[in-house]
Amino acid sequence: MATPVLVNGVSGVTGTAANVRAMSCDVEQFAIYNPNTGAVFVQLFDMPSGAQLPTLGSTVPKYSFGVGPTGALHSSFTVSGLRFEGGLWVAATTTVGGATGPTTAVVVNLALT
C-alpha cells in the first residue's frame, strides 16, 4: 500500500526544489491543487539526495505536470507508478521547465511506495 505524503506539509511547493524521498521510490498516486490565478507546472526530479539540488530552468525534470489557474489535477497508476531511482525532488514553476516559482505555494499530495 502506498504511503501518502503531503509535500512540504502546509507550506506547499514553490520555486525551490524540495527533497521528498532520499531513496528510490514509486509515485503511485498524486493530487495537486493550484491556488494561483495563472497556470503552474509541478516538476518531479530523479536525483540522489547527496547530489547537488536540481537547478530549476536547467535540470530537466523526469516528469512535469501543468495545472491550470485555480485548478486541480489528480491521477493514480494501476499497473506501475512513476519510478524514481535516485530520489524524488519536487518544485513548482510558472512555465514549463522554468525557474520562477508561483506567487502562492502549490499543494502537492503524493502516495509513494
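No lab work stands behind these numbers, since they all come straight from the coordinates. Quick caveat, the model's predicted, so the values are computed rather than measured.
What label, among (1) 13.7; (2) 14.7; (3) 16.2, belongs to Kirkwood radius over Cα pairs in Å computed from the structure on display?
(1)
So how much slack lies between Leu6 and Ser58, counting 0.36 nm per residue of separation and subtracting their Cα-Cα distance, in nm? Can you show the working numbers first?
Values: separation 52, 0.36 × 52 = 18.72 nm, distance 2.58 nm.
Result for the pair: 16.1 nm of gain on full extension.
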